[in-house]
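Undergrad: Encoded as structure tokens, here's the structure I'll be asking about.
Every read-out reported here was derived from the displayed coordinates using simple, explicitly stated rules and does not represent laboratory data. If you're wondering where the values come from, they're calculated on a predicted model, not measured in any experiment. Note that we place each Cβ from the backbone using ideal geometry, even for glycine, and neighbour counts take in every protein chain shown.
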Amino acid sequence: MEIKEAIRDRHSVRQYKSDPIPEEMRTALDELIEACNKESGLHIQLITEDPECFDTLIAHYGRFTNVRNYVALVGPKSMPDLEEKCGYYGQKVVIKAQMLGLNTCWVAGTYSRGKCNADKAAGEKLVCVIAIGFGENAGAKHKSKPLSSLCDVAEEDMPAWFRTGVKAAMMAPTAVNQQKFHISLEGETPVITAGRGPMAKIDLGIVKYNFEAASGHTCR
């Protein structure tokens with residue numbers, strides 16, 4: 001599976017099977033996470049076979065069932081773009097998981113921070129987690145705002161690579177499907193900005209990753 005295909009096929013999944021993640025998949029994810037941490041300065045961790053983190057009333061209210069594995073997005077509190085980086089590199093892990101045949105769901109509040117087994121060094125904070133595993137289903141495609149409300153470049157005027165990036169950005173998961181981001185083109189440079197709202201900076205990172213991975217062009 002190629003990255004653009006994974007971006008297209010990946011949907012949020014909240015119900016999981018009890019099957020453990022095979023060792024070769026865990027190794028592939030751990031290797032990617034190690035590379036992401038080295039590049040970003042984050043402390044992302046894959047936690048497996050830990051049902052306690054999602055064994056809460058609020059998780060059940062969020063319709064999560066049988067979540068035993070998750071990716072913890074941890075980083076220095078002093079990092080100025082911490083949330084955006086967590087979104088960017090977390091989405092990189094999400095797309096890799098999709099390519100491996102796993103399902104995922106970004107989770108901001110419907111889990112127990114107190115029961116999360118992620119390691120946190122002094123000065124670090126847990127930003128959010130990503131549920132991961134073999135889903136009971138493949139999830140469903142989310143509705144999207146019209147392209148014209150998310151981008152100020154008319155579709156007929158878009159370079160092919162820019163159009164590819166915009167389409168991938170529109171497929172990115174955002175908090176309660178807000179899609180509070182805006183894409184523009186300054187010369188040859190794509191610019192993506194975040195709106196206001198819960199998780200907006202995390203969403204910005206997620207959207208930027210999708211755009212860059214699909215288009216091959218770096219955003220500002």
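Undergrad: Using the count of nearby Cβ atoms within 10 Å as a rough guide to exposure, how do ARG163, ARG196, ARG220, ARG113 rank from fewest to most?
TA: Numbers: ARG163 18, ARG196 7, ARG220 10, ARG113 13.
Listed from fewest to most nearby Cβ atoms, that is ARG196, ARG220, ARG113, ARG163.
Undergrad: Relative to the longest principal Cα axis of the chain, at what angle does helix 160-170 sit, 0 to 90 degrees, rounded to 10?
TA: Once rounded, the angle reads 40 degrees.
Undergrad: Mark the label point 7 Å from the Cα of ALA160 along Cα→Cβ and return the residues of the range 1-38 whose backbone N is within less than 18 Å of it.
TA: Counting only backbone N, you get 3-5.
Undergrad: Taking 8 Å as the Cα distance limit and 6 or more residues as the minimum spacing, I'd like the relative contact order of the range 147-215 as a percentage. Display every interim value, and only then the final one.
TA: On the way: 88 pairs, mean separation 26.2, N = 69.
With pairs under 8 Å counted, the relative contact order is 38 percent.
Undergrad: In the range 30-127, how does Rg compare with the Kirkwood Rh, expressed as the Rg/Rh ratio over alpha carbon atoms? List each step's numbers first, then the result.
TA: Details: Rg = 13.2 Å, Rh = 13.9 Å.
Reported Rg/Rh, Kirkwood definition of Rh: 0.95.
Undergrad: Here is a further query. Could you work out how much longer the chain between LYS145 and GLU34 gets when fully extended? Use 0.36 nm per residue separation minus the Cα distance between them, nm to one decimal.
TA: Contour length minus Cα-Cα distance gives 36.5 nm.
Undergrad: Restricting the count to DSSP beta bridges whose residues both fall in the chain, what percent are antiparallel, rounded to a multiple of 5?
TA: Numbers: 22 of 25 bridges.
Percent antiparallel among DSSP bridges in the chain is about 90.
Undergrad: Under a 10 Å cutoff between Cα atoms, tell me which one of GLY165, GLY41, GLY87 has the largest fluctuation in the Gaussian network model of the chain.
TA: Of GLY165, GLY41, GLY87, the most mobile in the Gaussian network model is GLY41.
Undergrad: Here's a follow-up. Can you work out D for the range 147-215 in µm² s⁻¹ from Stokes-Einstein, where Rh is the Kirkwood radius over C-alpha pairs, the temperature is 4 °C and the viscosity is 1.567 mPa s?
TA: 109
Undergrad: Expressed as a rounded percentage, what relative contact order does the chain have, with Cα pairs under 8 Å and six or more residues apart?
TA: 26
Undergrad: Same structure again: For each pair in LYS38/LYS201; LYS141/LYS180; LYS120/LYS201; LYS143/LYS167, compute the distance between the two Cα atoms and list the pairs where it is over 23 Å.
TA: none
Undergrad: Below 22 Å, Cα to Cα, which lysines can LYS115 reach? Residues fewer than 8 away in the same chain don't count.
TA: Within the straight-line limit of under 22 Å, LYS115 reaches these lysines: LYS17, LYS77, LYS125.
Undergrad: Same structure again: I need to check one value: relative contact order of the range 3-133, counting alpha carbon pairs closer than 8 Å and at least 6 residues apart, in percent. Don't jump to the answer; show the numbers that get you there.
TA: Numbers: 222 pairs, mean separation 46.0, N = 131.
For the range 3-133, the relative contact order is 35 percent.
Undergrad: Amide H to amide H, which residues 5 or more places from LYS125 or on other chains are under 5 Å from it, using H placed in the peptide plane?
TA: HN-HN under 5 Å from LYS125: GLY75, LYS77.
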